[in-house]
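One structure is given here, and the rest of the page talks about it.
The values are calculated or read from the model by the stated rules, or taken from the named source; none is laboratory data. Given the structure is predicted, the values throughout are model-derived calculations rather than measurements. Heads up, the Cβs are rebuilt from the backbone with ideal geometry, glycines too, and the neighbour counts pull from every protein chain shown. Ligands, DNA and RNA are excluded from the accessible area calculation, which covers all protein heavy atoms including side chains. Shrake-Rupley method; radii C 1.70, N 1.55, O 1.52, S 1.80 Å.
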Amino acid sequence: MSKADILYMETCRQILEHGYSDENQQVRPHWEDGTPAHTIKKFGVVNRYNLQEEFPIMTLRRTYWKSALDELLWIWQKKSNRIADLGSHVWDEWARPDGTIGKAYGYQLGIKHRYPEGEFDQVDRVLFDLKHNPASRRILTNLYNFQDLHDMSLYPCAYSMTFNVTGDTLNGILNQRSQDMLTANNWNVCQYAMLLMMFAQVSGLKAGELVHVIADCHIYDRHIPAVKAMLEKEPLPAPKVTLDPGITDFYAFTKDSFQVENYVYHDFPFDIPMAI
């Protein structure tokens, strides 16, 4: 059975059984009808995924991994903040009149910085260090640029990725300030598992462990029935996920570079309202 499902179920049960409800607090998020969107939360959740054992995609319901990969490439490869450069509509509600999301996500990764070795943006600096300085303990990215927060449609949720090479294996830590467990958890896990796989391959390394650190890990009040229904399901076997072995340049990867075989998942007969 999928280990990603097991971790997901354990986390959701901890939230529902032992979490803190903010129903008596004033909160920023709201539903489309204007009602405050309250949550039950746990602080400081840490989940670990060993990519050498299996790819961490859930089977309790379908994760649209190609759309997740498209968004990841939009941020990390295209380094874009323009909605038109994205194949899906997941960012439409945060679009500005100029068609961007402001100085957020991909915009931050594309800013060049000066180093002794030359000018690099954050992505290219990581790729450089993985090849030339693999023993470094400074291989990381950060999207939470305080001087630009005022010009972002949404403050970054998954804001930092730290990479560490151990022998011939690349591991990574994804830091996330906030996580909506129903809509975004496995989406983000799959994205950064794929990023780790891509970075490892082009650096001549093996993809190892993805550690996901979540500060505010929550379930929205209107999502609770759907989450409880998922907890009644029996996890199914994880699919086989492979990456085109012929690609050695990170910028050559596309949505078709991954192959997912035998992905089976449970039906999910729920509409998911989005807190905004």
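With respect to the conditions (1) open to solvent by 10 Å² or more (accessible area, probe 1.4 Å); (2) closer than 21 Å to Arg61 by Cα, Met194 lacks only one, and its number is (1). Does the stretch 217-238 include one or more residues that are touching an Asp or Glu at 6+ places or on another chain (Cβ under 6 Å), part of a loop (DSSP other than H, G, I, E, B), among the hydrophobic types (A, V, I, L, M, F, W, C) and surrounded by 18 or more Cβ atoms within 10 Å (Cβ to Cβ)? Taking every residue of the stretch 217-238 in turn, at least one turns out to be touching an Asp or Glu at 6+ places or on another chain (Cβ under 6 Å), part of a loop (DSSP other than H, G, I, E, B), among the hydrophobic types (A, V, I, L, M, F, W, C) and surrounded by 18 or more Cβ atoms within 10 Å (Cβ to Cβ). Apart from one condition, Gln179 fits all of (1) open to solvent by 30 Å² or more (accessible area, probe 1.4 Å); (2) assigned to a strand (DSSP E or B); the exception is (1).
How many of the residues in the stretch 24-42 are assigned to a strand (DSSP E or B) and more than 23 Å from Glu93 (Cα to Cα)?
Residues in the stretch 24-42 being assigned to a strand (DSSP E or B) and more than 23 Å from Glu93 (Cα to Cα): 3 in total.
Residues that are among the charged types (D, E, K, R) and assigned to a helix (DSSP H, G or I) were ranked within the stretch 70-89; the one that is surrounded by the fewest Cβ atoms within 10 Å (Cβ to Cβ) is Asp85.
When the test is whether a residue is among the acidic types (Asp, Glu), open to solvent by 20 Å² or more (accessible area, probe 1.4 Å) and under 21 Å from the mean Cα position of the chain (by Cα), Glu119 does not pass it.
Kindly check whether there is at least one residue in the stretch 252-259 that is part of a loop (DSSP other than H, G, I, E, B), crowded, with 17+ Cβ neighbours inside 10 Å and in contact with a Phe, Trp or Tyr (Cβ under 6 Å, 6 or more places away or on another chain).
No, every residue in the stretch 252-259 fails to be part of a loop (DSSP other than H, G, I, E, B), crowded, with 17+ Cβ neighbours inside 10 Å and in contact with a Phe, Trp or Tyr (Cβ under 6 Å, 6 or more places away or on another chain).
Identify, please: which residue in the stretch 46-56 is part of a strand (DSSP E or B) and within 15 Å of the chain's Cα centre (by Cα) and is, among those, surrounded by the fewest Cβ atoms within 10 Å (Cβ to Cβ)? Only one residue fits best here, namely Val46.
Of the residues Thr39, Thr59, the single one that is touching an Asp or Glu at 6+ places or on another chain (Cβ under 8 Å), closer than 30 Å to Glu261 by Cα and open to solvent by less than 20 Å² (accessible area, probe 1.4 Å) is Thr59.
Picking from residues in the stretch 128-140 that are within 23 Å of the chain's Cα centre (by Cα) and surrounded by fewer than 18 Cβ atoms within 10 Å (Cβ to Cβ), the one that is nearest to Ser203 (Cα to Cα) is Phe128. Annotation note: of Val213, Val202, Val241, the sole residue that is open to solvent by 40 Å² or more (accessible area, probe 1.4 Å) and within 22 Å of the chain's Cα centre (by Cα) is Val213.
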